[in-house]
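See below for the structure under consideration.
The values are calculated or read from the model by the stated rules, or taken from the named source; none is laboratory data. Only a predicted model underlies this, so the values are computations on that prediction, with no experimental measurement involved. Using ideal geometry, Cβ is built from the backbone for each residue, glycine included, and neighbour counts are taken over all protein chains shown. Just so you know, the surface numbers come from the protein's heavy atoms only, side chains and all, with ligands and any DNA or RNA stripped out. Shrake-Rupley method; radii C 1.70, N 1.55, O 1.52, S 1.80 Å.
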Amino acid sequence: MRFFSVLTAILVAGFLYALIMERESLLSFASGDPSVSEAPAGEAEEVPSEPKRLVSVVALRTMAQTVDQAVLLRGQTEAARQVEVRAETSALVLSEPLRKGAHVEAGQVLCELDPGTRVATLAEAEARRAEAQINFTAAAKLAEDGFASETRAAAARAALQAAEAGVEAAKKEIERLRLRAPFAGLLETDTAELGALLQPGALCATVLQLNPIKLVGFVPETEVSRVSLGAMAGSRLATGDEVVGQVTFLSRSADPLTRTFRVEIEVNNVSLNIRDGQTAEIIISAEGTSAHLLPQSALTLNNDGRLGVRLVGEGDVAVFAPVTILRDTIEGVWVAGLPDTASVITAGQEYVTSGTRIAVTYSEVAQ
């Protein structure tokens, strides 16, 4: 029995050796193909390599177009002018107050103050001027005839000039009793109440000029070169209203904290519907640039995580090209960074890498 076990083990070992080490010869013998002969000892048998399969993709022929670029900002409306009218002298208010929201004209009296003794002071100054005028006339005549010195005449002239200055000061003090609107606009606050005592620097009223009104935003330093004075700009307010104006100011100095530049746009506001401090989305037109309109699905990332597209290169080889997104629309995305004409892979780009040979099917030409 032991003899048969050893014989069985030898036969199984021989069969496994033939199956593994002499597989090709065994298959040839089993198929009866005499054309296949054993390779010489020490030489590896040459196995013909199968041609690589091409990856099928769909590509889109596209041509560059000039598109208008725009600088998008978020800002707010701001009154063209805002002034706090304040008292320059101390006195009681004699005028009835004007209520906030009222329209005022340039030069209109907002607060009238009690003159007190200022009228008497003016009369006294005028009397002193008259006396000084007489003294100067007499001194000048005597000096001309040689009966008085030039010094006396000069002193009389100085006294006259001081008296005239006193009259002007008294008149100016009386002018300060009427606080007037510096320009036409709207009252943002009530004027000072009747009977209130105003000290120098006390507030009489705040006046706003809302026509024209300004749109104020801050441009990042990376886009400030694309904004120019006189450029057309549009805005959509929080209320949904849309307005159009022109850039009237672009700061030359950046904000030290945000590194942004202030830009102002002047907008017509005859109806006064736009108020000071409203939130606004601002679009400033900029110089056009060459771009391609592509479907969003054509965008992909390379191994470095850079955004781009796969192009059909020479010899039907996939090539990666980085792009920059300019604008996102319903029809697709506008991208820059491609040549004027390009064949962009729109389907199958995720299954190829740079250098992969591809079988291309072209879709319709982009308009």
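Looking across Ala342, Ala280, one residue alone is within 30 Å of Leu210 (Cα to Cα) and in contact (Cβ under 8 Å) with a residue 40 or more places away in the chain. It is Ala280. Annotation note: of Ala163, Ala148, Ala184, Ala192, the sole residue that is out of contact with any Gly (no Cβ under 7 Å at 6 or more places or on another chain), modelled with pLDDT under 90 and open to solvent by less than 60 Å² (accessible area, probe 1.4 Å) is Ala148.
Every listed requirement among (1) assigned to a strand (DSSP E or B); (2) under 14 Å from the mean Cα position of the chain (by Cα) is met by Glu287 save one, (2). For the criterion of being open to solvent by 50 Å² or more (accessible area, probe 1.4 Å), among the hydroxyl-bearing types (Ser, Thr, Tyr) and either modelled with pLDDT of 90 or more or on the phi > 0 side of the Ramachandran plot (or both), Thr121 passes. Out of region 104-118, which residues are touching a residue at least 60 places away in the same chain (Cβ under 8 Å) and either among the hydrophobic types (A, V, I, L, M, F, W, C) or surrounded by 12 or more Cβ atoms within 10 Å (Cβ to Cβ) (or both)? Within region 104-118, Val104, Ala106, Gln108, Val109, Leu110, Cys111, Glu112, Leu113, Asp114, Pro115 qualify.
Among the residues of region 267-277, is there at least one that is open to solvent by 40 Å² or more (accessible area, probe 1.4 Å) and part of a strand (DSSP E or B)? Scanning region 267-277, I find no residue that is open to solvent by 40 Å² or more (accessible area, probe 1.4 Å) and part of a strand (DSSP E or B), so the answer is no.
Among the residues making up region 300-324, those that are in a loop (DSSP other than H, G, I, E, B) and surrounded by 11 or more Cβ atoms within 10 Å (Cβ to Cβ) are Asn302, Arg306, Asp316, Val323.
Scanning region 90-120 for residues that are assigned to a loop (DSSP other than H, G, I, E, B) and either touching a Gly at 6+ places or on another chain (Cβ under 7 Å) or farther than 18 Å from Thr206 by Cα (or both) turns up Ser90, Leu94, Asp114, Pro115, Gly116, Thr117.
Applying the criterion of being buried (at least 16 other Cβ atoms within 10 Å of the Cβ) and of a type in the set (Lys, Arg) to the residues of region 220-263, the residue that is nearest to Ile282 (Cα to Cα) is Arg262.
In summary, Gly288 fulfils each of the numbered conditions (1) over 30 Å from Leu229 (Cα atoms); (2) touching an Asp or Glu at 6+ places or on another chain (Cβ under 6 Å); (3) open to solvent by 30 Å² or more (accessible area, probe 1.4 Å) with the single exception of condition (1).
Modelled with pLDDT under 95 and under 13 Å from Glu78 (Cα atoms): does that describe Leu237? It is true that Leu237 is modelled with pLDDT under 95 and under 13 Å from Glu78 (Cα atoms). Against the conditions (1) under 30 Å from the mean Cα position of the chain (by Cα); (2) modelled with pLDDT of 85 or more; (3) in a strand (DSSP E or B), Arg327 satisfies every one except (2). For the residues Arg86, Arg81, the requirement of being within 20 Å of Asn211 (Cβ to Cβ), touching a residue at least 24 places away in the same chain (Cβ under 8 Å), open to solvent by 30 Å² or more (accessible area, probe 1.4 Å) and not hydrophobic (A, V, I, L, M, F, W, C) singles out Arg81. When Leu299 is tested against (1) touching a Phe, Trp or Tyr at 6+ places or on another chain (Cβ under 6 Å); (2) at pLDDT 90 or above; (3) not β-branched (Val, Ile, Thr), just one condition goes unmet, and that condition is (1).
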